[in-house]
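Notes follow the structure.
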Amino acid sequence: MPPSQGSAHPLRLLGVYAVLLAVIYALVFFTGDHSPTPKLGIDLQGGTRVTLTARTPDGSKPSQDSLRRAQTIIENRVNGLGVSGSEVVIDGDNLVITVPGDDGGQAKALATTAKLYIRPVLSAVPAVGGKATPQTGTAGTATPGTVPDATQLNPDGTVPTQPAPTTEAAPTTESAPAAESTPQPRVFPAQAPTSPPAPPGGLTPQEQAKKEIADAKATRQSTDATVQQAAMAAMDCNKSDPLAGNDDPNLPLVTCSTDGKEILLLDKSRIDGQEIKDATSGLNQQQARHEVNLEFKSGGSDAWASLTGEYINKRVAFVLDSKVVSAPVVQSGPQQGGRTTISGSFTAASAKELANTLKYGSLPLSFQTSEAETVSATLGLSSLRAGLLAGAIGLAVVLLYCLLYYRMLGFLAGFSLIASGVAVFGIIVLLGRWIGFTLDLAGIAGLIIGIGLTADSFVVFFERIKDEMREGRSFRSAVPRGWQRAQRTNLSGKTVSLIASVVLYILAAGQVKGFAFTLGITTVLDVIVLYLVTAPLMMLASRSSFWAKPSVNGLGAIQEVARERRAGEALVKETAR
């Protein structure tokens, strides 16, 4: 019988696998940071753990439903940043975010995602040292379609009429170059109105938080123009904000930009951040700059068209946790269709960060960071050494058993395992660069189990060959027939394993996802190795007189059984005559 399809040209199939390995390692060594080292999870390299404490406007205890919804939104944002091994868990009334690596900035950035509103900008002043300054400037202009963040506007929120240089848009509320004109100083009262006297001591933390929010609202969300100006003069962008996520969207707001360089007076909210359907970042090929593309839901689309039509050449602010993350100038309006673009001097990273902030910014609760700590990897590294040692011993025992039971065929199994392991390692390195995948202890367990399944595929193949030889076929003819029968069995088993991996990845959370992810990768790669390495090697061995020797392939006993069976059948036929 001729060899089954896919095994007629074994050298060609082995060459295809060699090319695949060459491509993988060319990407490993000539792209990214050129380091052939996978990204490690928090249990192997350590990381940062941030505890978020929920804050409600009335100081009451947050509901579990709101905590679960907040957990889901933050997990979605983590996924938006890539598979990074981060975890978001509920611990009582808190959320705990764990991020691998030495830099805890990512975890702290995730902690800032709370309530998002879109508010018109009424006026703005620069902040030097966190405080408002009395100097003013003019807003930069921009080409049609851009939405730069200007700095100073007239008190009514319009763009000054003095000539100004054309400037590139900026992703945050940074100061634009001032035109050569005489600045018009703005005078503020020396201090804000005196706050009500503090009540006697003995306040509970909930009562104290409630009092701080009420005091801030009395000045920074006042509808009185004098109080608003005084609040802008007294605003300190370097201090923690008690209104973070607790501002009333139906009232004006005095607040700072996220970089602390500008103090703004905002009108009441016109669009809730939950009306943003999607936000993505990308490179505008025509203008060679990074942009953030927004898409609103149906209700938000109508509100955005109305807002942009009303505020042409004026600024609108995207306010997250009571701070302005971006305040672009509306260059054209009304903008129909529910889509708009924020452009400026973005980098790829800053555009992606702003897109994720706008997409996943609205949470049912506001949070403050109550604790941030560094997680040591000492225990994880000890477990890693023990696990790798156990895996190496187990693999050596399996190979030794294959050598004793299958003789030289065991070397073919060992070579296939090495080829599979080399490919898996390179793929994990690349996934760490491309999607932020981090290898943790659970992922290593998935790799070990996956490689074990690969060894099981060899056993099925070899036993099918033995079945064919028991029927009286030679080693040369038994190999292609055994492969044809074995591949059906192996494909059925790999399909079940892959389905289990996908279901586990979808339903699981945290490190269990890493286990399912690596198990799925090794399952797919096992099929590739079977077709491109194991089967071609066996086909080459079947055509060799050396490998056909019973002392080499260990199939002498099976051949003896086949001869005895043929002799018995011949005897029965002679007796029947």
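Some points to look at:
- Total formal charge among the other residues, if their Cβ is under 13 angstrom from that of Ala478, Lys/Arg +1 and Asp/Glu -1: +4
- Using θ = phi - 60° in the Karplus curve 6.51 cos²θ - 1.76 cosθ + 1.60, the 3J(HN,Hα) couplings for segment 519-528 round to 5, x, 4, 5, 5, 5, 5, 4, 5, 4 Hz; x is entered for Gly and Pro.
- Among the listed pairs Lys115/Lys359; Lys297/Lys323; Lys61/Lys513, a Cα-Cα separation exceeding 20 Å is found for Lys297/Lys323; Lys61/Lys513.
- Area accessible to solvent at Lys359, 1.4 Å probe radius, in Å²: 80
- At full extension, Leu251 and Asp224 could sit 8.6 nm farther apart than now, given 0.36 nm per residue minus the alpha carbon distance.
- Solvent-accessible area, 1.4 Å probe, carbon plus sulfur percent, for segment 409-465: 82
- Were the residues from Ala390 through Val23 laid out at 0.36 nm apart, the gain over their Cα-Cα distance would be 129.0 nm.
- By accessible area with a 1.4 Å probe, ligands and nucleic acids excluded, highest first: order of Tyr401, Tyr25: Tyr401, Tyr25
- Estimated at 0.36 nm per residue, the fully extended path between Val512 and Met408 surpasses their Cα-Cα distance by 33.6 nm.
- The packing ranking, built from the mean of other Cβ atoms within 10 Å per residue, places the peptides 545-551, 232-238, 514-520 in the order 514-520, 232-238, 545-551, highest first.
- Segment 377-530: C-alpha gyration tensor shape, a/c 1.5 cut-off, then a/b vs b/c: prolate
The values are calculated or read from the model by the stated rules, or taken from the named source; none is laboratory data. All of these numbers come straight from a predicted model, not from anything done at the bench. Please note: Cβ atoms are built from the backbone with ideal geometry, for glycine as well, and neighbour counts cover all protein chains shown. Just the protein is used for accessible areas: all its heavy atoms, side chains included, with ligands, DNA and RNA removed. Shrake-Rupley method; radii C 1.70, N 1.55, O 1.52, S 1.80 Å.
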